[in-house]
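Would you mind keeping the following structure in view while I ask a few things?
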Amino acid sequence: MTDGAHSMTHDVGFRLASEVKLWWTPWYSATDSSEITLTEEFFHLITDRPVPVDLRVLQVLQVLKGSALALDIYSWLVYRLSYLKQPTTIPWEVLQVQFGTNYAQTKSGRYAFKKDFQEQLRAVLQLYSTAHVTADSQGITLQPSRLHITRRSSD
């Protein structure tokens, strides 16, 4: 945070893992098992509020489109629509900050991002047809939608 004369950084120390052991050798064997121990806080976060993604859709997007952007859009839509209660418009500028940092901050860069995003969004919506999403010159509008997959009830 900055006010011109002063700046401040604040870190709450949120960590995903309390311990990580990864083997990066070309002669990896089954006895060299990699391990990631999640922090208790992160474990509860992802188990209490899971994102209901369809792994089959991720596979199709990866194989057919080969686009990290399509995978990102799908995962983001599933997450956002899982809790959305009212229509929400996200401006193109905000979407580019989140999804298009590799595009130039120029008129042609913004145009290329918008074109690519809309193309990948169309591919995602072919597989996630229950998502109510529209795009216009201002950005995209998300409408409350049915979950893409049904949540499992906890027994």
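The values are calculated or read from the model by the stated rules, or taken from the named source; none is laboratory data. Values in this document were obtained by computation on a predicted structure and should not be read as measured data. So basically every Cβ, Gly included, is an ideal-geometry build from the backbone, and we count neighbours across all protein chains shown.
What residue, of 149, 73, is in contact with a Leu (Cβ under 7 Å, 6 or more places away or on another chain) and among the aliphatic types (A, V, I, L, M)?
Exactly one of 149, 73 is in contact with a Leu (Cβ under 7 Å, 6 or more places away or on another chain) and among the aliphatic types (A, V, I, L, M), namely 73.
From 74, 103, which residue is free of Cβ contacts under 8 Å to residues at least 24 places away in the same chain, over 12 Å from residue 139 (Cα atoms) and among the aromatic types (Phe, Trp, Tyr)?
103
Let me ask something else. How about the range 134-144: which of its residues are under 20 Å from residue 67 (Cα atoms) and more than 16 Å from the chain's Cα centre (by Cα)?
Within the range 134-144, 135 is the sole residue that qualifies.
Quick one: which residue in 121, 58 is within 15 Å of the chain's Cα centre (by Cα), more than 30 Å from residue 21 (Cβ to Cβ) and not charged (D, E, K, R)?
The unique qualifying residue is 121.
Considering (1) of a type in the set (S, T, N, Q); (2) within 22 Å of residue 55 (Cβ to Cβ); (3) touching a residue at least 24 places away in the same chain (Cβ under 8 Å); (4) out of contact with any Leu (no Cβ under 9 Å at 6 or more places or on another chain), say which one residue 120 fails and leave the rest.
(4)
Here's a follow-up. Filter the range 15-34 down to the residues that are within 22 Å of residue 75 (Cα to Cα) and either assigned to a strand (DSSP E or B) or at pLDDT below 80 (or both) and list them by number.
15, 17, listed by residue number.
Going residue by residue through the range 66-80, is there one that turns out to be within 30 Å of residue 149 (Cβ to Cβ) and either more than 22 Å from the chain's Cα centre (by Cα) or at pLDDT below 85 (or both)?
yes
While we're here: Filtering the range 81-96 down to residues that are over 15 Å from the mean Cα position of the chain (by Cα) and assigned to a helix (DSSP H, G or I), which residue is surrounded by the fewest Cβ atoms within 10 Å (Cβ to Cβ)?
Selected residue: 93.
For residue 142, are the conditions met, namely being in contact with a strand residue (DSSP E or B) (Cβ under 9 Å, 6 or more places away or on another chain), hydrophobic (A, V, I, L, M, F, W, C) and surrounded by fewer than 18 Cβ atoms within 10 Å (Cβ to Cβ)?
No: the conditions fail for residue 142.
A further question follows. So how many residues does the range 55-75 have that are of a type outside the set (S, T, N, Q), farther than 15 Å from residue 129 by Cα and part of a helix (DSSP H, G or I)?
Number satisfying all stated conditions: 8.
Could you list, in sequence order, the residues of the range 35-51 that are part of a loop (DSSP other than H, G, I, E, B) and either of a type in the set (Lys, Arg) or modelled with pLDDT under 85 (or both)?
Residues satisfying the conditions are 49, 50, 51.
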